[in-house]
Ligand code: DHB
C-alpha cells in the first residue's frame, strides 16, 4: 500500500452543530485521520479531531485561545478490545449509556478533542494473525499522540497540554500513556508502523478504574474479596450491535477458597517489596493474612469517600460496619465492605486457568490467541497454555515506568476508583497513585462513594482539574 501522509489537510473538514439537552456545540470535524504511514488496521488506527469553531473566529473560550487550549485525548478502549475513533454523541458504553459522552461535554467546555481509535485483542489481519494483542493498543495511542505533535502548526490546540482520558482497560492505557512517555521500549513497534518521529509523552493522565498491574491483579483481587465466596460473573454480549449484560451467580469451590489464602499471602509479599509509604512517610506493609498498614491505608480512602457522602447527606446510618461519632467516621471494616460490594470474579480473577479472560487474549501472540501472563496461572493451566514473554507483560503495565526513572512521566494525574467497583481490587489504583506520588508527581486520587465500574461520571470536576493544571 502507498505510504499515508501524516500531514493533516487543514481544508478537509465539516462544520457541525449539535444539540443535546440544553447544550449546543459548533465545531470543525476532521475525521478518519490515519495516524501512521503504514497502517495494518484501517478501522482502528485513525483518530477524529474536533475543534470548537470559536477558535477559528479568533475568539477565546474559558480564557483559552486556539494556541493555548488543552487537547483532550479520550481513548475508547474497553475490555482490552479495539476502541473506535469516537465522536461527540451518546455514550456507547454500558456504564454511560443514554447520556452525552465525554467528547460532547469536552467540546462544550471549549477543549480541542482528539479521539483516537486503537487496536485491541480480537483484531485479525487477512491471514488470521492476531494483530491487536500486546503491546498494540498502547503503541497505537502513542502513534496518535505523535501525529498530533507532527501537526501542531496546522491545527488549534496546545500539544504541550495533551490530557489523556480512559476508563477500565482504557484507564489502564491512559495510565500507561502517562507513565511511558518517549520510552525507547516501544520504538521498534512505532517505527514499523511509520509513526511520526515526535515525542509521545502527555501532560496529564485521567484514569478511571484502571484494570492494570495484571501480573499481580489475581493476588490483589483475593486480598480484596477474601472470604467473599459467592460471586456474580458479569457477562456482556453484543446482540445485533447492542451490548447486553447479565450476571451469572456461582460459589467458589473449596479448592478456590484454599487458593485464595495462598494468593493473599503472595499479595503481602508483593506489597512488602514495593516500599510504598503513606503521606506521613510511614512504610506500608502487610502480614501474610492480609492485615497491616497497607490495609489501613486503603481503608482510609474508603473512609474519606464515606465522609464525603455523609457531607452530601447520604444516609449511612444503616451500615453497621461504619462507625460514626459526631458526624465523623472513626472506623470502617474493609472486609465487610467487600461483602457489601459483592464479588464479581471467581478465582483467579484475571489469568484464567482455562485461558478464557480478555487478559489471556491480550497477552496472546499473532498465532496463539490466548496465553497466561502469570507463572501462577500457567502452573495451574487446564488448557495447556503457554506463558507470555514477561517483557511484553511489563510493556502493558503502567507501574513498569511509574517511578520516572526510564521514561517521561506525566507531571499531573487524576485517578478515580468507585467504592463499589468489583472489576479489580481497590489496591491496584492505590498502588499506582502512591507510587506516582512518592516519585514526586502531582496526584489527585480519590474513591467516589457508591460508584460502580464506570468512568466519565464527573466531567465538571475533571474539567476543573484540567483548568487547574493548564492555566
Ligand atoms: C474491563 C473490565 C474488566 O473486568 C476487565 O478484566 C478488563 C477490562 C473494561 O471494562 O474495560
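Where does region 11-164 land on Rg/Rh, using Cα atoms and the Kirkwood Rh?
My calculation puts Rg/Rh at 0.98.
With the alpha-carbon atoms as the only input, what is the per residue convex hull volume for region 247-317 in Å³? Don't jump to the answer; show the numbers that get you there.
Values: hull volume 11.1 nm³, N = 71.
With only Cα atoms used, region 247-317 gives 156 Å³ per residue.
Across region 103-173, C-alpha contacts under 8 Å between residues 6 or more apart give a mean separation that, scaled by the residue count, equals a relative contact order of 21 percent. With the convex hull constructed from alpha-carbon coordinates only, region 247-396 shows a mean projected area of 12.2 nm² over all directions. Summarised in one figure, the compactness ratio Rg/Rh of region 306-380, Cα atoms and Kirkwood Rh, is 1.29.
Dimensions of region 4-49 from C-alpha coordinates, computed as largest minus smallest value along each principal axis and given longest first, are 42, 22, 8 Å.
Considering every alpha-carbon pair of region 166-276, the percent of pairs per 5 Å bin, from zero through the bin containing the longest distance, is 2, 9, 11, 13, 16, 15, 12, 11, 7, 3, 0. Put the Cα centre of region 337-396 next to the Cα centre of region 116-185 and the gap is 23 Å. The value for region 101-256 of Rg(Cα) / (2.2 N^0.38 Å) is 1.27.
Spatial offset of region 291-317 relative to region 231-285 amounts to 20 Å, using the alpha carbon center of each.
For the chain, what is the convex hull volume of its Cα atoms per residue in Å³?
Details: hull volume 72.2 nm³, N = 471.
Cα-based convex hull of the chain, divided per residue, equals 153 Å³.
Only bridges whose two residues both fall in the chain count here: according to DSSP, what percent of them are antiparallel, nearest 5? Counting only bridges with both partners in the chain, antiparallel ones make up about 60 percent.
With contacts taken as Cα pairs under 8 Å at a separation of at least 6 residues, region 223-377 carries a relative contact order of 22 percent.
Among 219, 20, 447, the order by Cβ neighbours within 10 angstrom, fewest to most, reads 20, 447, 219.
Taking the Kirkwood radius as Rh and the Cα radius of gyration as Rg, region 365-471 has a ratio of Rg/Rh equal to 1.06.
Taking only C-alpha pairs under 8 Å that are 6+ residues apart, what is the relative contact order of the chain in percent?
Working: 1035 pairs, mean separation 76.8, N = 471.
Here the relative contact order equals 16 percent.
Does region 154-193 come out rounded, prolate or oblate, given a ≥ b ≥ c as the square roots of the eigenvalues of its C-alpha gyration tensor, rounded meaning a/c under 1.5 and, failing that, prolate meaning a/b above b/c?
Values: a/c = 2.00, a/b = 1.09, b/c = 1.84.
Oblate, because a/c is 1.5 or more while a/b does not exceed b/c.
Sorted fewest first by neighbouring Cβ atoms within 10 angstrom, 222, 215, 53, 279 come out as 279, 53, 215, 222. Kirkwood radius for region 110-165, taken over all pairs of different Cα atoms as the inverse mean of 1/r, rounds to 12.8 Å. By the helix-only formula, in which each DSSP H run with n ≥ 4 contributes -39500 (n - 2.57) and the sum is divided by residues, the chain has a 222 nm mean residue ellipticity of -8500 deg cm²/dmol. Treating each Cα of region 37-100 as an identical point scatterer and ignoring solvent, apply the Debye formula and state log10 I(q)/I(0) at q = 0.13, 0.19, 0.21, 0.26 Å⁻¹. Once normalised to I(0) and log-transformed, intensities are -0.54, -0.91, -0.98, -1.12.
Please list 224-237, 98-111 highest first by mean number of surrounding beta-carbon atoms within 10 Å per residue.
With the highest mean Cβ count within 10 Å placed first, the list reads 98-111, 224-237.
Can you give the Kirkwood hydrodynamic radius for region 356-415, in Å, rounded to one decimal and based on Cα pairs? For region 356-415, the Kirkwood estimate is 13.1 Å. As I understand it, the value is the acute angle between the Cα axis of helix 136-150 and the longest principal axis of the Cα atoms of the chain; what does it come to in degrees, rounded to 10? For helix 136-150, the angle is close to 40 degrees. The ellipsoid that matches the Cα gyration tensor of region 1-78 has semi-axes, each √(5λ) in whole angstrom, of 27, 16, 12, with the longest given first. Take the convex hull of the alpha carbons in region 411-471; its mean projected area over all directions comes to 4.2 nm².
Taking Cα atoms only, the orientation of helix 426-438 departs from the longest principal axis of the chain by about 60 degrees. Ordering 394, 82 from the fewest to the most neighbouring beta carbons within 10 Å gives 394, 82. A full extension of the chain between residue 240 and residue 258 corresponds to an added length of 2.4 nm, given 0.36 nm per residue minus the alpha carbon distance. Dividing the convex hull volume of the alpha-carbon atoms in region 221-262 by its residue count gives 79 Å³ per residue.
Since every read-out is calculated from the coordinates, none of them should be taken as a lab result. Owing to the predicted nature of the structure, the values given are computational and were not obtained by experimental measurement. Here Cβ is always computed from backbone atoms with ideal geometry, including for glycine, and neighbour counts include all displayed protein chains.
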